[in-house]
Amino acid sequence: MKENNSYTELNTWKEARVLVKHVYFQVNSFPQNEQYGITSQIKRSAISIPSNIAEGVGRNTTKDTLKFFYISRGSLYELETQLYLSFDLNFITELELNELLKQVVIVKKLLAGFINHYKKKL
């Protein structure tokens, strides 16, 4: 489905969506008793990343836009920590962790570039 919204064309947003997909696939294997624990928290953090990118693009001022990009970046770091904790708790293997972290790094780099671009507009 192709939309005319400018954020849907952004690689940052697209890669964040890929990350959400990988995260959702991975947490399906987490213990059932974690459904309302770390599983739920991981999903919320992951979803927050592309959602705040989209909301930021929809804002009227550069300052407001940056605020939502920073929220997105915070959610990305939160997710990264939760992935490490999932590994510590033996919910994911080191290989699974590393695969997820590769996508985290991609989104981090794209988002950092995006933030820097908008900071220059201030």
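Could you pull out the chymotrypsin sites (Phe, Trp or Tyr not before Pro) across region 18-69 that fall in loop regions by DSSP (anything but H, G, I, E, B) with no more than 11 other Cβ atoms inside 10 Å?
Sites meeting the loop and neighbour criteria: Tyr36.
Note down the magnitude of the dipole of the chain about its Cα centre, charges +1 on Lys and Arg C-beta and -1 on Asp and Glu C-beta and zero elsewhere, to the nearest 20 debye.
With only Lys, Arg, Asp and Glu charged at Cβ, the dipole is about 720 debye.
Relative contact order for region 6-119: what percent, with Cα pairs under 8 Å and sequence separation of 6 or more?
It rounds to 33 percent for region 6-119.
Towards the positive end of the charge dipole of region 6-119, with charges on Cβ (+1 Lys, Arg; -1 Asp, Glu), say which of Leu95, Ser75, Asn28 has the farthest Cα.
Ser75
Given 0.36 nm per residue, what is the gain on full extension from Glu94 to Tyr118 after removing their alpha carbon distance, in nm?
5.1 nm
Which lysines does Lys67 reach when only Cα atoms under 24 Å apart count, and residues fewer than 8 places away in its own chain are ignored?
Lys14, Lys43, Lys108, Lys109, Lys119, Lys120, Lys121
Run the helix sum for the chain: -39,500 (n - 2.57) per DSSP H stretch of 4+ residues, divided by residue count, reported at 222 nm to the nearest 500 deg cm²/dmol.
-26000 deg cm²/dmol
Bear in mind these aren't lab numbers, they're just calculated from the coordinates by the rules spelled out. Nothing here was measured: the structure is a model prediction, and the numbers come from that model. So basically every Cβ, Gly included, is an ideal-geometry build from the backbone, and we count neighbours across all protein chains shown.
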